[in-house]
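One structure below.
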Amino acid sequence: MSTTRPYPPGDRGHEPSGASGVPGSSEEDAPAGAAMASVTGAAAPPSRTAAAPPSRTGAGGTEAARGRQVRRLGLEGASGVVPLARDFTRQALYDWGWLPAAGADQRAAAEDVLLVVSELVTNACLHAEGPDELALACDNKVIRLEVTDRGTGQPAPRTPHRAGRPGGHGMFIVQRLCLDWGVVRAQGRPGKTVWAELGAPA
């Protein structure tokens with residue numbers, strides 16, 4: 001799992017460093033911000049530099065393009081952001097057909113998404129002065145979670161991980177449950193976006 005790769009995982013193209021097990025390619029992938037921009041219908045810039053953040057809708061806004069669903073929730077200055085983010089995500093999972101779960105596998109997939117959202121938002125609260133925004137993007141195969149904050153720290157699983165020790169389990173949980181995750185740094189301003197992707201239920 002990468003904690004710094006500014007690229008989306010291999011299903012959107014080859015990883016330049018083979019980080020997802022795919023041999024390197026001569027062409028770099030679009031940055032994660034550009035991937036989200038394509039989700040929302042914005043054109044990605046032709047340059048190889050990081051794309052500007054896509055335009056936002058209002059709090060709880062929904063966008064759709066090319067078979068993907070995108071929802072955004074502004075969290076800056078909000079109180080009770082963890083339950084707020086979980087409720088917002090749960091409603092999206094209902095709207096996208098992940099819930100109500102038809103079986104144990106679907107139920108587990110939805111619970112994993114809710115747990116990862118909780119961990120990412122909690123991490124932003126504890127280490128980055130709180131989250132600014134939660135973005136969810138879903139297609140038939142993958143759900144992508146993004147939590148944006150203004151922190152400068154680098155999230156990483158605690159090493160070595162000690163299951164009996166209190167605290168420090170958030171990014172370990174994210175690493176274990178997700179297909180991939182990483183961090184994209186904001187350009188020209190403080191902050192970052194921590195993203196994670198989970199597979200859709202069968």
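The values are calculated or read from the model by the stated rules, or taken from the named source; none is laboratory data. Predicted, not measured: the structure shown is a model, and the values here were computed from it. In this analysis, Cβ positions are derived from the backbone assuming ideal geometry, glycine residues included, and neighbour counts consider all displayed protein chains. What goes into the accessible areas is simple: the full protein's heavy atoms, side chains included, and nothing from ligands, DNA or RNA. Shrake-Rupley method; radii C 1.70, N 1.55, O 1.52, S 1.80 Å.
Protein-only accessible surface at a 1.4 angstrom probe places the residues 181, 96 in the order 96, 181, largest first. Label separation (residue 129 vs residue 94): 3.5 nm, computed from points 7 Å beyond Cα along the C-beta direction. Before anything else, pin down the relative contact order of the stretch 97-153: Cα pairs under 8 Å, at least 6 apart, normalised by residue count, whole percent. This gives 26 percent for the stretch 97-153.
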